[in-house]
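**Student:** Quick one: the structure is below, and I'll ask about it shortly.
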């Protein structure tokens, strides 16, 4: 029955069956709108406040009378779920966006669909009209934002950039800005007139689900899957505050029209109301939501103190939740006069944390200095490759606004090899102490230049203090004037002369640090007292490693917390959310066992130290491969000191986490040894193999680059990411060199020519037969991957005289850096005009689209490799026998052959599955057709790759199919005509064409996976791997891996 339910009945209903609390003071339920047959995804009030529009999973849009709660009209026309609805400012048009990739425009009075806007290639995540109603903006999962002219539906422009699926869009009240949020964890601000990207706001740790401007357009709020609400200064993009309280994804944020409240709706079954004056929670409304869907349906009435949201009655099964719309009346005075409904969390806590880095070359005394700063005494410290972490009470303070400020000191090892690891953790620093050895008579400033380049990257440059350490060991060979000039030249503070042994300079250093930490500019986090208590306890535990508190289960952590106060009451969700927020500060690390069980690492620096040991072991590879054996790693075959006091289970968890850390950041890649058919973790930065003097495929040099900034791991990530694209296959790598192939042996590559402190030189390489389109694509990808990092990138085109004599790039670079405009050819003496160090290449729209697609493929490959490694770890832990899989496919189409042999077969092998291919095994020395057919017969699974040519092969129509194909086909046919178990061992997949023309008739109804859509490859391949291992896709060990 599509009708309004009585509010009094709902307000009086018992909540015991769902555990819900009564409505908080200041909140009264007015209406419940009932009629949708699926979850309500989106709601919107019309500008006059008379109507409410709603879009649902049931593919319909409904219009409701707000005051009476009566259903007025149901609008149908979408073919899939309706994700979003929005009224124009005049209230005459209702726009809706759907999973059918279309935007529909409806007449509000007539209810008729008068225009459908097509152009997006994926679902519409959100849409909004500009304040004048002239433009409609739609954000899509296809990663684009489109501007449509509302009058006639004409597409005005498409906004594209380095971004993920668009979940939300919002115009500023003046209409000059558009904010968007996406799966790339960022908020972007666009110029609404030109479509130019103005700023990218970074701070969230997961997808941005919702964005909203306050009524004055001064503050922008964003809600994220990282369970926080973040506030930004709308014009400058400055981070203002982070609001904590939700214990699950935040699906929607919206400001009240009077600007007094901010409402947020979470997947934790709550709606939180925040005071816009104090930013503290003033009420929590319990609202059970559908756990399976993102339900952002939340809206304030434009004139009345009413709030509407999708919801459910107490006790509603999860699959039937969020089909109702609740309309509440809010008493602002009651809500803002006292903190209603939040007694369970106590008073809010305002805090912020400062990150202080202690860096420098090895053996300059960093750890001894850190110990002296924290403890006030000297303690001899051995050189280490790890990290240390201290709370620094002397630098803490309470701001005038009541925010507690806490400083954390991070000590990083200085040896060059360990920078691979430490470079992953030096971002977002608030102050850095760069140490040099004042007693070093040969090169006291060694390593300082590197760290200055690392720390001076990006828009947010932290204050830097130059510290002369170990002054008790001798006098510095540089004069005070020279040191002061160095500091002025690099815009840093210092030098401050210190001695950890005698205590010299400590007081001056601490006072200078107090002055330099930008506490007043730091964004405050508003959180609950529960979080504060858990944080304080965890910090106390950080020194208790000797008591066995290194890696704990959630149950063990709860026991530890409850032991401190028997009367302390908190939920598991609160505890784990607090742990998640602590992880953002680096205090703890959440890890998973191979079975998918959660563990909390109370000393995350131990993981970082283990990662450094990985680097040392890979460097020691006897063949110079810079690699670790994956099987040996999973069986704890390496003797890492960080694991010696841990149980086997704890060691496994840390080993998996360290490997995944490198895979996540593209510091290494997984490679199959072609002789042993075993996977390795290969670290490109550590490869010592020299490139052969005589190349099998000669190359010529192309564009060169000089890259400066935080350059650690840049070479490695370029090697890995270029090889992760669908187009370029990595075929060889040597020390500072990498080579790739595309198509039929076309060679591309690059070389790292020089490495200085914080600066690298690269040059691209191409085979003589590689044409301009391929060169442009490779160059575009190379520059696209460089652009992902906070680097200064300068491009230098090859310089040749009129007689084609190439000029030495080093000479050209030096001349340009010296400001010279001309140079002379060293061969013929011709005077040449030097090109300027150019900006990155400008690509055509077509090439840019291909570059973006390949970049996304590389990002997907990164996640896929991590997921496959996790499967390997689970298989090793459970001692699951690796299946043998024969892949049946058709030769004759090179593109299909490469797909099978270079992608699918290799990915199955890297997952530990023994792959049988005719081209691999039937061609081996000593092989025979009879033995090969026997091996097919013994295979646990057969994957049939369906293409039109394969159908011909199956029917044995080809003239050259011969005995092998006939035997292969007979074996497959026998399985298809056998028992159900035999039939299930045959897994048909579709690569090209329709199933009726690409697969045998018996398999038309048994297609296991459709690989025809390139973007779905990794999802389909991962599902296939799970199927071959017979691991259920909902098993805790593999859920949410991809």
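The values are calculated or read from the model by the stated rules, or taken from the named source; none is laboratory data. Just so it is clear, the model here is predicted, and its values are computed rather than measured. Because the Cβ atoms are built from the backbone with ideal geometry, glycine has one as well, and the counts that use them run over all protein chains shown.
**Student:** Could you check region 717-753 and list, in sequence order, the residues that are more than 19 Å from residue 683 (Cα to Cα) and part of a strand (DSSP E or B)?
**Tutor:** 741, 742, 746, 747, 748
**Student:** Among the residues that make up region 481-489, is at least one of them in the same structural domain as residue 413 (by TED's automatic domain parsing), closer than 27 Å to residue 420 by Cβ and either out of contact with any helix residue (DSSP H, G or I) (no Cβ under 8 Å at 6 or more places or on another chain) or surrounded by 14 or more Cβ atoms within 10 Å (Cβ to Cβ) (or both)? Let's see the steps before the verdict.
**Tutor:** In the first step, residues of region 481-489 are kept if they are in the same structural domain as residue 413 (by TED's automatic domain parsing); the result is 481-489.
Now drop any that are not closer than 27 Å to residue 420 by Cβ, which leaves none.
Scanning region 481-489 turns up no residue that is in the same structural domain as residue 413 (by TED's automatic domain parsing), closer than 27 Å to residue 420 by Cβ and either out of contact with any helix residue (DSSP H, G or I) (no Cβ under 8 Å at 6 or more places or on another chain) or surrounded by 14 or more Cβ atoms within 10 Å (Cβ to Cβ) (or both).
**Student:** Related question: Among (1) over 20 Å from residue 179 (Cβ atoms); (2) modelled with pLDDT of 95 or more, where does residue 253 come up short?
**Tutor:** Among (1) over 20 Å from residue 179 (Cβ atoms); (2) modelled with pLDDT of 95 or more, the lone unmet condition for residue 253 is (1).
**Student:** Which number in (1) in contact with a helix residue (DSSP H, G or I) (Cβ under 8 Å, 6 or more places away or on another chain); (2) closer than 26 Å to residue 229 by Cα marks the one condition that residue 571 misses?
**Tutor:** (1)
**Student:** Go through (1) over 20 Å from residue 583 (Cα atoms); (2) in contact with a helix residue (DSSP H, G or I) (Cβ under 9 Å, 6 or more places away or on another chain) for residue 221 and report which single condition fails.
**Tutor:** If we test residue 221 against (1) over 20 Å from residue 583 (Cα atoms); (2) in contact with a helix residue (DSSP H, G or I) (Cβ under 9 Å, 6 or more places away or on another chain), just (2) comes out false.
**Student:** Of all residues in region 613-635, count the ones that are in contact (Cβ under 8 Å) with a residue 40 or more places away in the chain, over 23 Å from residue 909 (Cβ atoms) and not in a loop (DSSP other than H, G, I, E, B).
**Tutor:** Of the residues in region 613-635, 4 are in contact (Cβ under 8 Å) with a residue 40 or more places away in the chain, over 23 Å from residue 909 (Cβ atoms) and not in a loop (DSSP other than H, G, I, E, B).
**Student:** Further, regarding this structure: Of the conditions (1) surrounded by fewer than 24 Cβ atoms within 10 Å (Cβ to Cβ); (2) touching a helix residue (DSSP H, G or I) at 6+ places or on another chain (Cβ under 6 Å), residue 287 clears all except one; give me its number.
**Tutor:** Condition not satisfied by residue 287: (2).
**Student:** Hey, another quick one. Under the condition of being assigned to a helix (DSSP H, G or I) and free of Cβ contacts under 8 Å to residues at least 60 places away in the same chain, which residue from region 576-589 is surrounded by the fewest Cβ atoms within 10 Å (Cβ to Cβ)?
**Tutor:** Of region 576-589, the ones assigned to a helix (DSSP H, G or I) are 576-584.
The next check asks that each one be free of Cβ contacts under 8 Å to residues at least 60 places away in the same chain; those that pass are 578-579, 582-583.
Details: 578: 25, 579: 22, 582: 21, 583: 16.
Among them, the one singled out is 583.
**Student:** Now, a different point. Got a number for residues in region 246-275 being outside any strand (DSSP E or B) and in contact with a helix residue (DSSP H, G or I) (Cβ under 9 Å, 6 or more places away or on another chain)?
**Tutor:** 7
**Student:** Take residue 694 and decide whether it is surrounded by fewer than 14 Cβ atoms within 10 Å (Cβ to Cβ) and either part of a helix (DSSP H, G or I) or modelled with pLDDT under 90 (or both).
**Tutor:** Numbers: surrounded by fewer than 14 Cβ atoms within 10 Å (Cβ to Cβ): yes; either part of a helix (DSSP H, G or I) or modelled with pLDDT under 90 (or both): yes.
Here the answer is yes, as residue 694 does meet what is asked.
**Student:** Let me ask another. Just to confirm my filter: which strands (runs of 3 or more DSSP E) fall fully inside region 278-395 and include at least 2 residues that are modelled with pLDDT of 85 or more and in the same structural domain as residue 497 (by TED's automatic domain parsing)?
**Tutor:** It comes to 349-360.
**Student:** Follow-up question, since we're still on this one. From the residues in region 776-816 that are out of contact with any strand residue (DSSP E or B) (no Cβ under 9 Å at 6 or more places or on another chain) and assigned to a helix (DSSP H, G or I), which one is surrounded by the most Cβ atoms within 10 Å (Cβ to Cβ)?
**Tutor:** 781
**Student:** Considering each of 25, 47 in turn, give the residue that is in a loop (DSSP other than H, G, I, E, B) and at pLDDT below 95.
**Tutor:** Going through 25, 47 in turn, the sole match is 25.
**Student:** With 206, 194 as the choices, which residue is out of contact with any strand residue (DSSP E or B) (no Cβ under 8 Å at 6 or more places or on another chain) and surrounded by fewer than 23 Cβ atoms within 10 Å (Cβ to Cβ)?
**Tutor:** The match here is 194.
**Student:** I want to confirm something. Restricting to region 597-612 and keeping residues that are part of a loop (DSSP other than H, G, I, E, B) and touching a helix residue (DSSP H, G or I) at 6+ places or on another chain (Cβ under 8 Å), which single residue is surrounded by the fewest Cβ atoms within 10 Å (Cβ to Cβ)?
**Tutor:** Checked region 597-612; the qualifying residue surrounded by the fewest Cβ atoms within 10 Å (Cβ to Cβ) is 603.
**Student:** Next question, about the same structure. Do you know which residues across region 817-833 are surrounded by fewer than 17 Cβ atoms within 10 Å (Cβ to Cβ) and part of a loop (DSSP other than H, G, I, E, B)?
**Tutor:** Matches in region 817-833: 818, 819, 820, 821, 826, 827, 828, 829, 830.
**Student:** Look at residue 91 and say whether it is touching a strand residue (DSSP E or B) at 6+ places or on another chain (Cβ under 7 Å), over 21 Å from residue 296 (Cβ atoms) and surrounded by fewer than 19 Cβ atoms within 10 Å (Cβ to Cβ).
**Tutor:** no
Residues checked against (1) crowded, with 20+ Cβ neighbours inside 10 Å; (2) touching a strand residue (DSSP E or B) at 6+ places or on another chain (Cβ under 6 Å); (3) free of Cβ contacts under 8 Å to residues at least 40 places away in the same chain:
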residue: 717; (1), (2), (3): yes, no, no
residue: 724; (1), (2), (3): yes, no, no
residue: 732; (1), (2), (3): no, yes, yes
residue: 740; (1), (2), (3): yes, yes, yes
residue: 745; (1), (2), (3): no, no, no
residue: 750; (1), (2), (3): yes, yes, yes
residue: 757; (1), (2), (3): no, no, no
residue: 766; (1), (2), (3): yes, yes, no
residue: 771; (1), (2), (3): no, no, yes
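**Student:** Return the residues of region 637-657 that are surrounded by fewer than 14 Cβ atoms within 10 Å (Cβ to Cβ) and within 23 Å of residue 676 (Cβ to Cβ); say none if nothing qualifies.
**Tutor:** Hits for region 637-657 are 637, 639.
**Student:** Could you name every one of the helices (runs of 4 or more DSSP H) located completely within region 474-575 that has at least 3 residues being in contact with a strand residue (DSSP E or B) (Cβ under 7 Å, 6 or more places away or on another chain), within 29 Å of residue 589 (Cα to Cα) and at pLDDT below 90?
**Tutor:** Those helices (runs of 4 or more DSSP H) span 529-541.
**Student:** Scan region 874-891 for residues that are loosely packed, with under 14 Cβ neighbours inside 10 Å and assigned to a loop (DSSP other than H, G, I, E, B) and report the count. Quick ask: steps written out before the conclusion?
**Tutor:** We begin by selecting, within region 874-891, every residue loosely packed, with under 14 Cβ neighbours inside 10 Å; these are 878-879, 881.
Still in the list and also assigned to a loop (DSSP other than H, G, I, E, B): 879, 881.
Residues that pass the stated criteria total 2.
**Student:** Sticking with this structure for a sec: Find the residue count for region 81-114, including only residues that are closer than 21 Å to residue 289 by Cβ, in contact (Cβ under 8 Å) with a residue 40 or more places away in the chain and in a loop (DSSP other than H, G, I, E, B).
**Tutor:** Qualifying residue count for the region: 1.
**Student:** Any residue that is within 30 Å of residue 951 (Cα to Cα), outside the structural domain of residue 718 (by TED's automatic domain parsing) and touching a residue at least 40 places away in the same chain (Cβ under 8 Å) - is there at least one of those in region 834-854?
**Tutor:** no
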